[in-house]
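> Encoded as C-alpha cells, here's the structure I'll be asking about.
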Amino acid sequence: MNWPHSCISLCWIYFAASRLRAVETADGKYAQKLFHDLFEDYSNALRPVEDTDKVLNVTLQVTLSQIKDMDERNQILTAYLWIRQIWYDAFLTWDRDQYDGLDSIRIPSDLVWRPDIVLYNKADDDASEPVNTNVVLRYDGLITWDAPAITKSSCVVDVTYFPFDHQQCNLTFGSWTYNGNQVDIFNALDSGDLSDFIEDVEWEVHGMPAAKNVISYGCCSEPYPDVTFTLLLKRRSSFYIVNLLVPCVLISFLAPLSFYLPAASGEKVSLGVTILLAMTVFQLMVAEIMPASENVPLIGKYYIATMALITASTALTIMVMNIHFCGAEARPVPPWARVVILKYMARALFVYDVGESCLGPRHERERTRLSKVYDKLPASNLNAARGKGLSGKKDSHELVKNNLGCQGGSPEDAGGSCARFAALTRNIEYIAKCLRDHKATHSKGSEWKKVARVIDRFFMWVFFLMVLVMTVLIIARAD
C-alpha cells in the first residue's frame, strides 16, 4: 500500500528539481543578456555620474580581522582588514521587469569604475591594496565592493611606559586623485567593526573610533576628505613581566646583599660586578626591541637606576673594605666615630662583636669572666684581691711575695726566695707589657673592623629601601 505514495513523492521531487534547473537556466540567460546590455558601451575609466559637477559619495567601512604584527623598532603596524566600499554608478542601472525580476549580479571588480581610495600612511609598496574580488551590482546602480587587505601602516610608537604602554595607530583612507568636489567619503559607522576580530596574544584592542577629516594641502586649493580609524591598543605585559621585570627585581635585591657578605671572604666586589654584568645583559635585550627614540622606556629607566645603585654599592664596598683592613699602622678611631658609629649606630643596626650579646652591657660580662679566673687561683690571700679587683701593682706584688714565702723563715731562704721573686716579677711585667701592646694593637684593628661592619649594615638597609621604593614606583606607574 506504500508503493503509490512513494511514487508520488519521487515525482514531486523530480518536478521540483526540474523547475529549479529551469529557473537557474532562466536566471543565467537573463544575467548574460543583462551583462551584455550594461557593458556594451560602458567605460570604467571615467567617474560614473551624469553631471560632471555632481559629487560622487563613497561610503567606507573597515572591519579589523587580525593584528599580524607590531614592529616597535621600525614603527610599522601590520593588520588584516576587510574593506567595504559602497557607491552608486549612474550608468549601471536596469529595469528588473525586463530581466525576469533579476535585482543583482556579481561581476569582477575591474570591469566597473572603482574609487581610488588608498591608505595614506601605508609603509610598503603593494601590500596595502585590496584584492580584486567581485562586486555586487544592484538594479539601481548601487555597487558594494568587499575586499580583504593586509595593510602595513606607519604608527608612531610611544614606548615611555613599556611594557605597560598604550598605543594609538591611525589608518587614514582617502582618494588619491579625486578632491572633495568630485568624490566625497563617508564612514558607514562611528567606529571600525571589531565583531570578527581574532584576539591577539600581545595586544588588547580597546576600540577603533572613526572620524572624517577635510584637509587642504599646500599643492592644491581643493579640499581632500579622508576617514581616519584610530586603533586603540594596550600591550599585554605578562610576558615582559615574567621575562624582563621579575629577573631584574630579583637581581636588584641581590645588590644590597653584597654589604652583608663578610669582607674577609674576598667576594664582595666580585658579587657587585657580576650583578652589574647581568643587568647590562637585560638592558641590551630591551634596547634591541625598542625604537631609537629620545623617550626612554619605563623598564629601561628601572634598569639604569638599578645599574647606578649597583655601581654605587660596588664603589662603597671598596671603601668599606679599605676601612676593614686597617691594621695596627692605622691611626685610632676618631672620638666622634666611636660615639656615632660604634655606640649608637651599632646598637640601632644590631651589630655586635663575636660573643657579645645585645641583652646586657659589656663590662658585666667582663666581671663574670674575671670571677671565673679568680676561682682558679690559690685560695690564700685572694679574698682581698677579689674585693679590690687587683687594681694596684703594689698589692699584686705583696700577694705574690706572700705566696712565695718571702715573709718569715730564715734569712738565707728569704733572700733566695726574694731573688727568684725579683726575676719572676721582671718576666711577668715583660709578658704583661707584651700582652698589653698586643691587646692595644688588636683592639685598634678590631675597632676599625667593627666600624666597617656598621657601615656595611647601614648601606645594606639603605640600598634595600631604595630598591624597594623603585620597584613600588614602577608597579604604580603600571596602573
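> Under a point spin-label approximation (7 Å from Cα along Cα-to-Cβ), what is the LEU284-GLN98 distance to one decimal in nm?
Output for this residue pair reads 7.7 nm.
> How big is D for segment 56-236, in µm² s⁻¹ as a whole number, if Stokes-Einstein is applied with the Kirkwood radius of its Cα pairs at 20 °C and 1.002 mPa s?
Once the numbers are plugged in, D ends up at 121 µm²/s.
> Then there's this: If neighbour count is taken as other Cβ atoms inside 10 Å, put MET319, MET279, MET470 in order from fewest to most.
Placing the least packed residue first, the sequence is MET319, MET470, MET279.
> Could you work out the local net charge near GLN66, counting Lys and Arg as +1, Asp and Glu as -1, over the other residues with Cβ closer than 11 Å to its Cβ?
Local net charge: -3.
> Once segment 205-356 is represented by equal point scatterers at the alpha-carbon sites, with solvent omitted, what log10 I(q)/I(0) does the Debye formula produce at q = 0.20 Å⁻¹?
Taking Cα atoms of segment 205-356 as identical point scatterers yields -1.24.
> For the residue pair VAL246 and LEU277, what label-to-label distance in nm results when each label sits 7 Å from Cα along the Cα-to-beta-carbon direction?
2.6 nm
> Related question: Sort SER195, SER175, SER258, SER238 so that the residue with the fewest other Cβ atoms within 10 Å of its own Cβ comes first and the one with the most comes last.
Lowest count first: SER195, SER238, SER175, SER258.
> Something else now. Can you work out ³J(HN,Hα) from phi for every residue in segment 186-193, in order, using Karplus 6.51 cos²θ - 1.76 cosθ + 1.60 and θ = phi - 60°, giving whole Hz and x for Gly and Pro?
In residue order, the calculated couplings are 10, 8, 5, 10, 6, 8, x, 7 Hz.
> Please give the net charge around PRO223, taking every other residue with its beta carbon less than 13 angstrom from that of PRO223, where Lys and Arg add +1 and Asp and Glu add -1.
-2
> Rank these for me by crowding, CYS155, CYS220, going from fewest to most other beta carbons within 10 Å.
CYS220, CYS155
> Can you list the residues of segment 230-247 with backbone N under 19 Å from a point 7 Å past the Cα of HIS206, pointing along Cα to Cβ?
Only 230-241 fall inside the zone, counting backbone N under 19 Å.
> Using alpha-carbon pairs under 8 Å, 6+ residues apart, how would you state the relative contact order of segment 56-236 in percent?
In percent, rounded to a whole number, it is 26.
> Sticking with this structure for a sec: Only Lys, Arg, Asp and Glu count, each charged at its Cβ (+1, +1, -1, -1), so figure out the dipole size of segment 56-236 about its Cα centre, rounded to 20 debye.
260 debye
> Okay, moving on. Expressed in nm to one decimal, what extension gain is obtained for the pair TYR430 and GLU199 from 0.36 nm per residue of sequence separation less their Cα-Cα distance?
That works out to 74.2 nm of additional length.
> Could I have the simple spin-label model distance between SER238 and THR144, label points 7 Å from Cα toward Cβ, reported in nm to one decimal?
It works out to 3.9 nm between the two label points.
Any read-out appearing in this document is the output of simple, stated calculations on the displayed coordinates, not a laboratory observation. Every value quoted in this text rests on a predicted model; they were computed, and no experiment measured them. FYI the Cβ positions are ideal-geometry reconstructions off the backbone, even for glycines, and counts take in every protein chain you see.
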